[in-house]
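Structure first, commentary second.
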């Protein structure tokens, strides 16, 4: 529970995806160990999956496929 930074009123529950950078670093490392490179658009799609886990009403086209190797 914490105070909303822009609204007055009672404390509100919040969810922080603050570990996404650590997880993304591990994913990039795993891809690099496989001899590949994670392109910017692929990184963005993975990041959006993190955001969608926190805000499930976000919709986006995730029909692109990519391989982790």
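What follows draws every value from the coordinates through simple rules; no lab data is involved. Quantities reported herein were computed from a predicted structural model and do not represent experimental measurements. Note: ideal-geometry Cβ built from the backbone for every residue, glycine included; neighbour counts use all protein chains shown.
Just so you know, the Rg over Rh for the range 20-60 is 1.04, from Cα atoms, with Rh as the Kirkwood radius. Modelled spin labels at residue 57 and residue 27, positioned 7 Å past Cα toward Cβ, are 2.4 nm from each other.
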